Each structure stands twice: as C-alpha cells, then as structure tokens.
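Nothing in this text is a laboratory measurement; each read-out follows from the coordinates by a stated rule. In this text the structure is predicted, and so the values were computed from the model without any measurement. Positions of Cβ are generated from backbone atoms using ideal geometry, with glycine treated the same way; all protein chains shown enter the neighbour counts.
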Amino acid sequence: MDNLIKGLYIVSTPIGNLDDITLRSLDVLKKSDIILCEDTRRSLKLLNHYNIKKKLVSYHKFNERKELNKIIEYLNEGKILSLISDAGTPVLSDPGKLLINECIRQNISVFPIPGASSITAATSTSGFNDQFLFYGFLPKTENELKKKLTEIKDIDFSIVFFIPGLKINFYLKAFKSLLPERDIFIAREMTKIHETFYRESVENIALFKSNLKGELTVVISKKYNKNKIINDSEIIKQAKVYLKKYSLKDVVELISAKEKLSKNKVYEICLKIKKNEKIS
C-alpha cells in the first residue's frame with residue numbers, strides 16, 4: 001500500500017475475535033511511528049498476534065490531558081500516530097475527543113480507519129428499528145440513573161447502552177421501571193467463544209441469578225404502545241398477507257414496528273397462523 005500521509009489515524013480494532021480486523025487497519029498500524037493505546041497490555045495481544053513492533057504510548061482517560069502536548073508535538077514533527085482503544089472503534093465512550101479537537105484546532109489531519117464496533121454489531125443483530133441513539137455508559141448511582149432515563153424515556157428510537165456485567169440487574173430494574181414498553185437485546189462476549197445473546201421484552205425479562213462478566217452492549221427497542229387498541233383480527237389479516245412473501249421473523253418485525261405493538265403478541269399470532277393455517 002502507499003505511504004501514509006502524516007497525521008493522526010483513528011484505527012478500529014477487533015471487539016473480541018482477533019481475525020476481525022481490516023487489512024487497511026493492519027497496514028496503518030505497521031506504518032505508524034507511535035501507537036496510542038488505552039491499555040498497552042491488552043493492545044500488545046493484538047499487535048503481537050500480527051507481529052507489529054512499534055512504540056506504544058499509554059493514552060487513557062486519566063492521562064489524556066497530561067499527555068496532550070507531547071502527542072501534539074510528535075504530530076507537528078511529522079510523525080504518524082495511530083489511536084486504538086481496548087476494543088472496537090476508538091473515541092466512542094473512550095478517550096480521544098480532546099486530542100482530535102486539538103488536532104482540528106491546529107490543522108493536523110485526522111483520518112478514520114473504520115472497522116469493528118460493538119455498537120453497530122449489536123444493533124444489526126437486535127432486529128430493532130435501525131434508527132438508534134447511542135448513549136454509552138449510564139450513571140452509576142440510583143438517583144442520577146433515574147434522572148437520565150427520565151430524560152430519554154420518550155425518545156422514539158432504539159437506544160444503545162454500555163453496561164458493566166456486574167451491575168446488569170441494577171440497570172434492568174431501572175429499565176423495568178422507566179422503559180417498560182420496549183424490547184431488550186443484551187449482547188455478551190460478542191465474536192468470542194462464549195458469545196451469548198438475550199432477547200425479551202423489558203417488562204418480562206428476568207433478573208440474572210448471578211452477575212455477568214465483562215462489558216455488555218444493550219439495545220432497547222423503540223417504544224411500543226402496549227395499550228393500543230387493535231383487534232387480533234386486524235393483525236391476523238396483515239400477517240396472512242405478509243407471511244406469503246416474508247419469513248416469520250420479518251413479519252413480526254414489520255407488524256410490531258408498523259402498529260407499535262409488542263413483538264411477543266405479534267409473534268404468538270403469527271406462529272398460530274403458521275402452525276394451524278395453510279398459507280396459500
């Protein structure tokens with residue numbers, strides 16, 4: 001590949017499986033003079049896997065302001081720097097905004113190197129509406145959490161959160177209280193050996209008997225009105241038409257989104273049609 005233009009490269013890295021990295025990302029990392037890492041120990045696992053030997057500089061939320069001037073000095077010297085996070089696309093709920101804004105202020109080029117992202121990986125698998133709000137990490141205290149969820153509870157989009165597995169039940173209780181008329185999708189260990197997905201309505205999902213490990217990506221669907229008055233006969237009528245052309249999953253998604261109804265209710269009706277009635 002061609003030589004790189006000097007500047008700062010925001011390089012996406014795998015969210016778990018080390019094979020989920022682009023050829024361009026590897027090329028940029030190999031040609032970088034310095035790689036800024038959230039945690040050098042974790043980044044070394046990836047870099048050693050691909051036999052990339054470069055100078056690593058620790059860059060995280062506790063030292064990003066302190067290290068800023070030195071990093072800008074490197075860039076002004078014409079060095080090529082890459083910024084990577086522990087996993088996925090940097091800057092999204094990770095350090096980097098301070099540095100990027102300073103680069104913009106000083107007319108230093110910033111280049112995105114796209115790749116893996118737990119946000120898009122989870123939303124693409126959730127089956128929810130593709131209009132979504134990425135929120136990131138929620139507050140850790142009960143009062144602040146209630147305040148933030150109250151502010152966003154009427155947003156008519158899917159919402160994506162990062163949640164520590166150790167506190168999943170704490171957040172589920174808050175969702176049940178303030179975001180009841182939605183479905184929930186929980187992604188754990190995405191792309192890894194123990195990858196697990198949980199799907200249920202917020203109202204019906206059970207609390208976990210033991211805490212989950214790691215960081216979870218949680219998607220809450222757009223709000224549906226469970227009190228909306230619509231006869232089962234209307235759903236049946238629509239379902240019979242759609243099931244002639246589309247899969248059960250697609251029909252449930254289509255009708256629940258169109259009528260703003262619970263997916264569970266629509267699924268039950270569609271399943272009965274599939275089992276008991278011949279669709280001609």
Would you please calculate the Kirkwood hydrodynamic radius of region 128-212 over all C-alpha pairs and express it in Å, rounded to one decimal?
13.6
Once the in-chain neighbours fewer than 8 apart are removed, the aspartates and glutamates whose Cα is under 16 Å from K245 read E253, E277
Which of the aspartates and glutamates could a cross-linker bridge to K146, judged by Cα under 16 Å and excluding same-chain residues fewer than eight apart?
D154
What do you get for the angle between helix 168-178 and the principal long axis of the chain? Use alpha-carbon atoms, 0 to 90 degrees, nearest ten.
50
The Kirkwood hydrodynamic radius of region 232-276, taken as the inverse of the mean 1/r over all distinct Cα pairs, in Å, comes to 10.0
Report the normalised scattering of the chain as log10 I(q)/I(0) at q = 0.08, 0.17 Å⁻¹, calculated by the Debye formula with identical scatterers on the alpha carbons.
-0.45, -1.26
Picking from R42, R199, R105, which is most flexible by a Gaussian network model of the chain using Cα springs under 10 Å?
R105
Label 7 Å along Cα→Cβ of K79; region 1-43 residues with amide nitrogen under 19 Å?
4-11, 28-41, 43
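Report, in deg cm²/dmol and to the nearest 500, the calculated mean residue ellipticity at 222 nm for the chain, where each DSSP H run with n ≥ 4 adds -39500 (n - 2.57) and the sum is divided by the residue count.
Values: 10 runs with 109 residues, N = 280.
Theoretical 222 nm ellipticity from helices: -12000 deg cm²/dmol.
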Distance in nm between E203 and S58 label points, each 7 Å along Cα→Cβ, equals 5.0
Bin all alpha-carbon pair distances of region 25-84 at 5 Å intervals from 0 and give each bin's fraction as a whole percent.
4, 19, 30, 25, 15, 7, 0
Quick calc, L254 & D232: beta-carbon distance into FRET formula, R0 22 Å, rounding 0.05, result 0.85
Amide H partners (placed H, <5 Å) of Y9, local residues excluded
L81, S82, L83, F111
In whole Å, what are the Cα extents of region 7-116 along the three principal axes, biggest one first?
35, 26, 21
Each label point is 7 Å from the Cα along the Cα-to-Cβ direction; what then is the distance between the points at K6 and D33, in nm?
0.7
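Any chance you could tell me what percent of the C-alpha pair distances in region 156-280 go past 18 Å? Before the final figure, lay out the partial values.
Numbers: 4395 of 7750 pairs.
Tail of P(r) above 18 Å: 57 percent of Cα pairs.
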